[in-house]
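The numbers here are math on the coordinates, done by the rules we state, and not lab data. Since the structure is predicted, the reported quantities are computational estimates derived from the model, not experimental observations. Here the Cβ positions follow ideal geometry from the backbone for every residue, glycine too, while neighbour counts run over all protein chains shown.
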Amino acid sequence: MPEKIQQIFGKYIRAKREKLGMSLRGLAAEIEITPIYLSDIEKGNRSAPTKYMERLIQVLKITDEQEIHNFYDMAGKSRQNVFSDLNEYIGNTGMARVALRVACDNKVTNEEWQQIINGIKKNRT
């Protein structure tokens, strides 16, 4: 049976916490949630908490940009593809919604997305 996405996110949180030498109660106190709630997240019984993502990133010392993106991706997948770091931007940027709908309608591939991303980065430098 494949591992649940919630379990993947929870295992990641636990591994980061243990690497920092933090107890479950200590991390829970730092991010202001109950130890039971954090334990449920680590066990994969709850999805990622939208409200505490920034605090988790800070307390778990996730500083690499790609690792932060991966963290949000794991969290979003655990919440049935609700990506808290993108929702506000997409909601406030009309053209982002248009671009995503056009891409969806035209079944843009990962390779085509990579070309788009490269173009955006090239225009920003």
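Are there GluC sites (Glu not before Pro) in region 35-125 that DSSP marks as loop and that have at most 13 other Cβ atoms within 10 Å, and which are they?
none
Roughly how compact is the chain, stated as its Cα Rg over 2.2 N^0.38 Å to two decimals?
1.23
Taking the beta-carbon count within 10 Å as an exposure proxy, list F83, F71 from fewest neighbours to most. All intermediate terms of the calculation are to be shown ahead of the outcome.
Values: F83 16, F71 22.
Ordered by Cβ neighbours within 10 Å, fewest first: F83, F71.
Who wins for biggest fluctuation among Q80, Q114, Q66 in a Gaussian network model of the chain, springs between alpha carbons below 10 Å?
In the Gaussian network model the winner is Q114.
In what order do R25, R17 fall by count of nearby beta-carbon atoms within 10 Å, going from fewest to most?
So the ranking, lowest neighbour count to highest, is R25, R17.
Hey, got the dipole for region 5-83? About the Cα centre, +1 on K and R Cβ, -1 on D and E Cβ, debye to the nearest 20?
Approximately 280 debye in magnitude.
Assuming 0.36 nm per residue, please report the length gained on full extension of the stretch K107 to E54 beyond their Cα-Cα distance.
15.8 nm
In straight Cα distance, which aspartates and glutamates are under 20 Å from K107, not counting same-chain residues fewer than 8 positions off?
none
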